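Presented below is the structure to which this report refers.
Derivation of every value follows stated rules applied to the coordinates shown; laboratory data play no part. All values derive from a computational prediction rather than experimental measurement. Please note: Cβ atoms are built from the backbone with ideal geometry, for glycine as well, and neighbour counts cover all protein chains shown.
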There are 2 protein chains.
Amino acid sequence: MVATAVPVVTDGPCCAPIAREPLGEADAAELATLLKAVADPVRLRLLSMIGSHAGGEACVCDLTDAFDLTAPTISHHLKVLRTAGLIDGERRGTWVYYRIIPKQVARLGALFTPLAEPVSA
Amino acid sequence: MVATAVPVVTDGPCCAPIAREPLGEADAAELATLLKAVADPVRLRLLSMIGSHAGGEACVCDLTDAFDLTAPTISHHLKVLRTAGLIDGERRGTWVYYRIIPKQVARLGALFTPLAEPVSA
DNA sequence: CTATCATTTAGACGGCTGTCGAAGCAGTCG
DNA sequence: CGACTGCTTCGACAGCCGTCTAAATGATAG
């Protein structure tokens, strides 16, 4: 968390955080990396499937079956998501289970959220 | 808009919309296109500069000066953002001014926002 | 130990993408 | 009209990315 010392004036539906002050070069580069990780239809669906799966985690075998893609390709996409810190994988016996890391996903949302509603928390 | 007829159970601070139900193939493809448009450091900064500029719009000349890139390259990035429906440009005399289209930007935010707070609207 | 299944890694290949220089279009100034 | 400035389009090129096949690794079963 960077916590820029800018007083957030929630005076109505103004604009997303990205539109409050110009983004620095370094921040932009880092955020772009994060965004690139989700800017792919397959990875978007993988993330969605993992997140919406009962128990909060999904087995790779289930994920692979849902696409017309080979197992290595799915594995590659999962690695991209894992490297970006969006998901975490764990091996239990024969199968590997993936789980979403909500904090990092929320970071993406915070970027473009209009902040129209006051943050009650 | 595909509008899958699934009853969305908002039973508390669960997870982002993307994690409530698996994303359809078509929706994923369309969202990926939108995300690709912002998954670039230069475009992220352009969007941020335009959005945070006084008056809500920025001249291309200002934008070009802020980067170590040639004018055609900046123009290319602006076109990508415009094609994605994120910004809109208008020529006034000698200069061209760009403006953010908040609705489309908000769509991005809604994707990953945790929805921890009840939607008052 | 060997066989088999689940997943990842390695290597290769075609297509997309960011960048540039050159040229074209639009508007202003003399 | 003719020259000049601001921005975009065009064409080309290097590098990245998504996909595959083949092979390696990890774990269980017989």
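For A:Lys103, the lysines whose Cα comes closer than 19 Å to its Cα, not counting residues fewer than 8 places off in the same chain, are A:Lys36, A:Lys79. Each other copy places its own label point for A:Arg91 at 6.1 nm from this one, sorted shortest first, where the point lies 7 Å along the Cα-to-beta carbon line. A simple rule links phi to the HN-Hα coupling: the Karplus curve 6.51 cos²θ - 1.76 cosθ + 1.60 with θ = phi - 60°, which for segment A:64-76 gives 4, 5, 7, 10, 8, 10, 6, 4, x, 5, 4, 4, 4 Hz, with x for Gly and Pro.
Spin-label model, A:Glu30/B:Ala54: points 7 Å from Cα along the beta carbon direction are separated by 3.0 nm. Sorted from shortest to longest, the distances between the B:Gly24 label points of this copy and the other copies are 4.3 nm, with each point 7 Å from Cα along the line through the beta carbon. Residue by residue along B:64-72, Cβ atoms of other protein chains within 10 Å of the local Cβ number 0 on average. Here is how far apart the A:Ala71 label points are across copies: 5.6 nm, shortest first, using a point 7 Å from Cα toward Cβ. Where chain A is carried onto chain B by rotation, the Cβ closest to that axis, with its residue and distance in Å, is A:Ala39, 2.
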